[in-house]
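Accompanying notes for the structure given below.
No lab work stands behind these numbers, since they all come straight from the coordinates. Owing to the predicted nature of the structure, the values given are computational and were not obtained by experimental measurement. Here the Cβ positions follow ideal geometry from the backbone for every residue, glycine too, while neighbour counts run over all protein chains shown.
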Amino acid sequence: MLVNEMVQLGAKRSGIRELFEYGLKRKAEVGAENVFDFSIGNPSVPAPQAVQEAYKALAARPDTVKVHGYTSATGAMSVREAVAKNLDERFHCGARAQNLFFTCGAAPALMSTMKAMRVEGAEFIVLAPYFPEYPTFIHAVGGKMVTVPANTEDFDLHVEEVEPYFTEHTQAILVNSPNNPSGVVYKKEALEALAELLRKKSAEYGHPIYLIADEPYRELVFDGYETPFIPNLYENTVVCYSWSKSLSLPGERIGYVYVPDRCADSVDLFNAVAGSARALGHICAPATSQYIVEQCCGVMPNIKAYDENRKTLYEALTGYGYTCVYPHGAFYMLIKAPFGTALEFSEKAKEYNILVPPCEPFGCPGYLRLSTCVSHDMILRSLPAFKALIEQGC
């Protein structure tokens with residue numbers, strides 16, 4: 001009988017996915033309109049019109065091989081050129097097509113990057129709260145995850161709290177901003193301080209320490225906040241990006257790894273990313289998705305709906321007595337369990353058909369994550385249930 005880690009991973013989905021699947025069953029039982037599913041980051045905002053038109057135009061083209069055939073393993077050159085041009089125009093970073101490796105979304109980008117960087121005993125520092133698949137990715141590529149606990153005062157980046165976790169084995173630090181699950185956007189000053197710390201530690205240990213910028217929510221910011229382009233702040237930054245969130249294309253699985261020229265050992269590192277993707281079976285990202293990106297990489301998301309959702313939820317829930325972390329980016333919101341543990345509260349919420357995942361898997365015990373990318377109508381319908389839930393618990 002085959003019993004190993006991969007069997008266990010396949011047999012048990014992540015907590016978010018389990019809750020999402022429970023929601024599908026519950027909707028079949030009581031009607032979709034009666035289930036308030038905040039479990040998963042599946043944008044309800046339609047893809048921009050330019051994306052819709054690009055799909056129609058591609059579907060109408062007669063050259064099937066061009067649209068649906070294999071591209072180069074690294075991505076179609078015309079697509080890489082278009083994205084590099086867009087990056088350089090926006091961030092003045094000197095991006096070239098040769099710096100970009102296209103992937104099937106952010107997850108393969110992260111795994112290929114970490115596998116490319118891994119050496120014997122490699123440690124990857126992760127800031128809590130974090131995307132709950134990070135431990136799986138790091139373990140799968142043979143690394144060790146080192147967690148910096150969440151600062152629950154503001155959930156921000158504080159360099160003095162990060163420094164003690166560096167060792168001679170530190171290979172990289174992962175930075176996810178805007179953050180999933182907190183919605184916090186790390187400030188430029190904090191990232192600059194982190195860059196200085198990384199330079200100091202790289203010199204101290206005699207090898208470059210990389211920063212892996214996980215940026216699928218880069219364009220989703222509110223209240224005048226800006227997301228600094230981290231390669232401009234720290235030379236040894238590798239960016240992992242996806243259009244899943246910015247263009248509402250989570251099912252299209254399209255993203256990239258960006259290895260800037262100024263990155264230490266940039267050519268070897270890029271080749272290692274390509275080799276890692278090859279070893280993991282992640283070469284030649286979906287061609288149609290690539291060509292959509294070629295035409296739409298400069299299209300910005302419609303954040304008005306997300307903005308309205310977060311404000312409605314925050315104002316209503318805090319008014320009922322919930323403690324929430326006000327997000328300035330992404331489309332999530334943390335709420336503190338008002339009674340019991342986060343898991344106990346999540347289970348109790350099911351009785352009211354509210355689906356909210358506890359944040360223990362995110363490295364943030366005592367909190368739960370609300371996905372605010374759901375329809376505004378569902379949010380309004382859910383509010384009486386949230387009110388009844390906290391009143392019952394108190």
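Take the Cβ-Cβ distance between Gln49 and Glu89 as r, set R0 to 25 Å, and report the resulting FRET efficiency rounded to the nearest 0.05. In this case the efficiency is close to 0.70. Helix 49-59 and the longest principal axis of the C-alpha atoms of the chain enclose an angle of approximately 60°. Taking a point 7 Å out from the Cα of Ile390 in the direction of its Cβ, the residues of the stretch 322-346 whose backbone N falls within less than 19 Å of it are 322-328, 332-346.
Sorted fewest first by neighbouring Cβ atoms within 10 angstrom, Glu153, Glu360, Glu204 come out as Glu153, Glu204, Glu360. Semi-axes of the equivalent ellipsoid of the stretch 173-275 are 24, 19, 9 Å, computed as sqrt(5λ) over the eigenvalues of the C-alpha gyration tensor in descending order.
Using a cutoff of 8 angstrom between alpha carbon atoms and counting only pairs six or more residues apart, the relative contact order for the chain works out to 24 percent.
Charge dipole (Cα centre; +1 on Lys/Arg Cβ, -1 on Asp/Glu Cβ; no other charges) of the stretch 50-296 amounts to roughly 1020 debye. What's the whole-number percent of alpha carbon pairs in the chain lying beyond 31 angstrom? More than 31 Å apart: 38 percent of the Cα pairs in the chain.
The helix-only estimate of mean residue ellipticity at 222 nm for the chain, built from DSSP H runs of length n ≥ 4 each weighted as -39500 (n - 2.57), is -13000 deg cm²/dmol after division by the residue total. Going by neighbour counts of Cβ atoms within 10 Å, the residues Ile390, Ile138 line up, fewest first, as Ile390, Ile138. Relative contact order for the stretch 142-301: 17 percent, from Cα pairs under 8 Å spaced at least 6 residues apart, divided by residue count.
Of all DSSP bridge pairs formed entirely within the stretch 197-267, close to 50 percent run antiparallel. Against the chain, whose longest principal axis comes from its Cα atoms, helix 266-280 is set at around 60 degrees. Please give the helix 106-117 orientation as an angle from the longest Cα principal axis of the chain, in degrees from 0 to 90, rounded to the nearest 10. Helix 106-117 sits roughly 50 degrees off the main axis of the chain. Pairs spanning more than 18 Å between alpha-carbon atoms, out of Lys27/Lys350; Lys115/Lys144; Lys336/Lys387; Lys144/Lys245; Lys187/Lys336: Lys144/Lys245; Lys187/Lys336.
Look at where the Cα atoms of the stretch 68-146 and of the stretch 244-299 average out, and the two centres are 7 Å apart.
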